[in-house]
1. Within the stretch 14-43, track down each residue that is of a type in the set (D, E, K, R) and at pLDDT 90 or above.
2. Output the qualifying pairs, or none if there are none: Cβ atoms under 9 angstrom, residues six or more apart or on different chains, first residue in the stretch 27-41 and over 20 Å from residue 85 (Cα atoms) and surrounded by 16 or more Cβ atoms within 10 Å (Cβ to Cβ), second residue polar (S, T, N, Q) and at pLDDT 80 or above.
3. Determine if the stretch 110-120 includes at least one residue that is on the phi < 0 side of the Ramachandran plot, of a type in the set (D, E, K, R), assigned to a helix (DSSP H, G or I) and in contact (Cβ under 8 Å) with a residue 24 or more places away in the chain.
4. Take the residues of the stretch 102-128 that are surrounded by fewer than 17 Cβ atoms within 10 Å (Cβ to Cβ) and among the hydrophobic types (A, V, I, L, M, F, W, C): which is nearest to the chain's Cα centre (by Cα)?
5. Of the residues that sit in the stretch 84-105 and are part of a helix (DSSP H, G or I) and without any contact (Cβ under 8 Å) to a residue 12 or more places away in the chain, which one is farthest from residue 67 (Cα to Cα)?
6. In the stretch 58-73, what residues are in a loop (DSSP other than H, G, I, E, B), within 18 Å of residue 8 (Cβ to Cβ) and either touching a Gly at 6+ places or on another chain (Cβ under 9 Å) or at pLDDT 95 or above (or both)?
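The values are calculated or read from the model by the stated rules, or taken from the named source; none is laboratory data. What you see is a predicted model, and the numbers here were worked out from it, not measured in a lab. For neighbour counting, all protein chains shown are included, and Cβ atoms are generated from backbone atoms with ideal geometry for every residue, glycine included.
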Amino acid sequence: MKICAVELRSNEAVICLLSKSNGLFDIPECRAQKFIMQDSLNNEEMKKFQQTFQKLLNDYNVDRVVIRTRETRGKFAGSAVGFKLEAALQLIDGVEVDFMTNQEIKERLKRNPLGIEFRATGLRQFQEAAFMTGYAYLSK
């Protein structure tokens, strides 16, 4: 199973592709690490974001998108743009979308700790939360 783990922050979707086969994790090369929404009030830009994301999912044969959930209120609440990006991802035809809460991720990481340092993955530092989401999801 190949997944695209997503962390939404303000106006960007940080991604990490990850797969697991026979108990081994693989982090395939990917042409993009994040998608940025410049103007969330522009319908054409929102459609472009959705189409670009869908093309990436198709090109890399991704089976599922896993989104790290955000708080709806309080100090760490997600932005309105982030929720629009979330909806755009959910509405991509033919793509299954799952969500993981921070609590679920912590519990799974506790039961299945990462066997290497994050730096050894070859990913960029800003992708760590997306990677941990995907790793936790595939560790079930």
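1. Just the residues of the stretch 14-43 that are of a type in the set (D, E, K, R), to begin with: 20, 26, 29, 31, 34, 39.
Within the stretch 14-43, 20, 26, 29, 31, 34 meet the criteria.
2. These pairs meet every condition: 27/19; 27/121.
3. Scanning the stretch 110-120 turns up at least one residue that is on the phi < 0 side of the Ramachandran plot, of a type in the set (D, E, K, R), assigned to a helix (DSSP H, G or I) and in contact (Cβ under 8 Å) with a residue 24 or more places away in the chain.
4. First, pick out the residues of the stretch 102-128 that are surrounded by fewer than 17 Cβ atoms within 10 Å (Cβ to Cβ): 102-104, 106-107, 109-120, 122, 124-126, 128.
Those left that are additionally among the hydrophobic types (A, V, I, L, M, F, W, C): 109, 114, 116, 118, 120, 126.
Numbers: 109: 17, 114: 18, 116: 20, 118: 16, 120: 20, 126: 12 Å.
If we take residues in the stretch 102-128 being surrounded by fewer than 17 Cβ atoms within 10 Å (Cβ to Cβ) and among the hydrophobic types (A, V, I, L, M, F, W, C), then 126 is nearest to the chain's Cα centre (by Cα).
5. Let us first name the residues in the stretch 84-105 that are part of a helix (DSSP H, G or I), namely 84-90, 102-105.
Narrowing the set further to residues that are without any contact (Cβ under 8 Å) to a residue 12 or more places away in the chain leaves 87, 90, 103.
Working: 87: 11, 90: 10, 103: 13 Å.
The extreme case among them is 103.
6. Quick first cut of the stretch 58-73, residues in a loop (DSSP other than H, G, I, E, B) only: 60-63, 69-70, 72-73.
Narrowing the set further to residues that are within 18 Å of residue 8 (Cβ to Cβ) leaves 62, 69-70, 72-73.
If the condition is that a residue be in a loop (DSSP other than H, G, I, E, B), within 18 Å of residue 8 (Cβ to Cβ) and either touching a Gly at 6+ places or on another chain (Cβ under 9 Å) or at pLDDT 95 or above (or both), then 62, 69, 70, 72 are the ones that fit.
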